[in-house]
Amino acid sequence: MLLLAIAVASISGTVIEQGQSSAFYQANYPEDPALFGFLSWKVLLTVGLDHVYRTWWFLAILILFGGSLTACTFTRQFPALKAARQWKFYEQPRQFQKLALSAELETGSLEALVPLLEKQRYKVFQEGEKLYARKGLVGRIGPIVVHASMLLILAGAIWGAMTGFMAQEMIPSGATFKIQNIVDAGPWVGAQVPKDWSVRVNRFWIDYTPEGAIDQFYSDLSVLDSQGQEIKRKTIHVNEPLRHKGVTLYQADWAIAAAQVRLNKSPVFRLPMGQLETGGAGRIWGTWVPTKPDLSAGVSLVAKDLQGMLLIYDIQGKLVATVRSGMAVDVNGVTLSVVDLIGSTGLQIKADPGIPAVYAGFGLLMLSVMMSYVSHSQVWALQKEGRFYIGGRTNRAQVAFERELLEILDRLSQPTSSPAEPAIAAEALTPSAR
């Protein structure tokens, strides 16, 4: 039931966008009509579905599940392992009747049985005419390691939810910044946000295909210490982030930050460009360039990418010219030169201190699952009153264990038996074994 609750909550956190603004949820989850008839933005924000993995009820489920695993480990798994490590000899023939596989032979000896069992990698214990052998004890340890790995994963997930954060920054090429625009964070995040280092965007650029579509965008980043000295540098792109002290910087978006222009022979000045509303028809950026000192006249510059093509509109909104970076055009009686377009890199920045524990837990879980598939097999033997009793049981791979025991019986009877007698040994197995 707890696993089902965790699965349902995790699915909701995957389907519903996490860490967005209230305006985003109001636009995408309106009250009328509500999704499924009830899921509106008010319900979503009240329940905490905008940050599922940090809600008190999700963390409570994880803690309850971890407590259940811990209780099961100490009340069932450890006692089962302790019992498996102990050995107990069978002293009466009737004890073999409760085993799934058992046989009673007229011939056979413990001295002949021991090497046969050791060849099959059994650990043998012998006391007089009694014998006990076992193998596959790791199969009993496996479930304990499974529980330990799941507890490690849960601990890592809870620690990451409480101390991790996600930030988004839009930084112009050439600018230096510290992480400030936190969009989602746990309640204990204070110590995780870096204060002693910053990041400089040395350069941002975009590669385009021959058809003019974006192929890839890149950011050349430098990590600077508190004195402004470079301590790390890397060019990042999509799926190739920069990692430093547990913080990961991903290339996520881009924008046009500014246009560098010159009027006649004036110094180059930088005009910020803002994204314009297009009603979903694409992204374009624009700025206004005054062509008179009193700002009574000017033109608008519009660009859709960083390839350098700009459209120039007059004050009435009429297209008057097109120009590329490095070119000039006469408008309103002045020479307007476009020196360059400055791009901004959109970075998504994440820190999750619980990830090492989660990864270690999953690695341990894969190992423990393989351990759990190892069969724990036990064999007893007793030599009493001229008869030889042998039997065994296993917790899995029953058919393989039966074949193994039949092979041991076959070899045990070979020195003193005729070729027909191995079949007799097989028939000696109790009906429940076949």
Do you know which of the residues in segment 153-187 that are charged (D, E, K, R) and under 19 Å from Val201 (Cβ atoms) is farthest from the chain's Cα centre (by Cα)? Lys178
Looking at Ala80, Ala148 in this structure, which one is touching a Lys or Arg at 6+ places or on another chain (Cβ under 7 Å), surrounded by fewer than 20 Cβ atoms within 10 Å (Cβ to Cβ) and over 20 Å from Arg403 (Cα atoms)? Ala80
Every pair of residues 6+ apart whose Cβ atoms lie under 7 Å, when the first sits in segment 361-380 and is in contact (Cβ under 8 Å) with a residue 60 or more places away in the chain while the second is outside any helix (DSSP H, G or I) and among the polar types (S, T, N, Q): Ser375/Thr394; Ser375/Asn395; His376/Thr394; His376/Asn395; Ser377/Thr394
Tell me whether segment 100-111 contains one or more residues that are within 27 Å of Val189 (Cβ to Cβ) and either in contact (Cβ under 8 Å) with a residue 40 or more places away in the chain or hydrophobic (A, V, I, L, M, F, W, C) (or both). no
Where in segment 1-114 are there helices (runs of 4 or more DSSP H), lying wholly inside it, with at least 1 residues that are farther than 30 Å from Pro143 by Cα and in contact with a Phe, Trp or Tyr (Cβ under 9 Å, 6 or more places away or on another chain)? 22-28, 41-47
When segment 266-279 is checked residue by residue, the ones that are in contact with a strand residue (DSSP E or B) (Cβ under 8 Å, 6 or more places away or on another chain) and either assigned to a loop (DSSP other than H, G, I, E, B) or closer than 23 Å to Pro194 by Cβ (or both) are Val268, Met273, Leu276
Under the condition of being touching a residue at least 24 places away in the same chain (Cβ under 8 Å) and among the polar types (S, T, N, Q), which residue from segment 153-207 is farthest from Gly346 (Cα to Cα)? Thr163
Tally up the residues in segment 211-265 that are surrounded by 13 or more Cβ atoms within 10 Å (Cβ to Cβ), touching a residue at least 60 places away in the same chain (Cβ under 8 Å) and outside any strand (DSSP E or B), please. 1
Identity of the residue in segment 280-295, part of a strand (DSSP E or B) and of a type in the set (A, V, I, L, M, F, W, C), that ends up farthest from the chain's Cα centre (by Cα): Val289
Need a quick list: strands (runs of 3 or more DSSP E) entirely within segment 300-414 having at least 2 residues that are touching a Lys or Arg at 6+ places or on another chain (Cβ under 8 Å) and assigned by TED's automatic domain parsing to the domain that holds Pro115. 377-384
Output the number of the condition that Gln120 fails; it satisfies all remaining conditions of (1) in contact with an Asp or Glu (Cβ under 8 Å, 6 or more places away or on another chain); (2) polar (S, T, N, Q); (3) not assigned by TED's automatic domain parsing to the domain that holds Leu405. (3)
State which residue is nearest to Val145 (Cα to Cα) when the search covers only segment 373-412 and only residues that are surrounded by fewer than 18 Cβ atoms within 10 Å (Cβ to Cβ) and of a type in the set (S, T, N, Q). Ser375
Applying the selection to segment 176-210, what residues are part of a loop (DSSP other than H, G, I, E, B) and buried (at least 16 other Cβ atoms within 10 Å of the Cβ)? Ile179, Gly186, Val189, Gln192, Val193, Pro194, Trp197
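The values are calculated or read from the model by the stated rules, or taken from the named source; none is laboratory data. Here the structure is a predicted model, which means the values were calculated and not measured. When we count neighbours, we look across all protein chains shown, and the Cβ atoms used for this are built from the backbone with ideal geometry, even at glycine.
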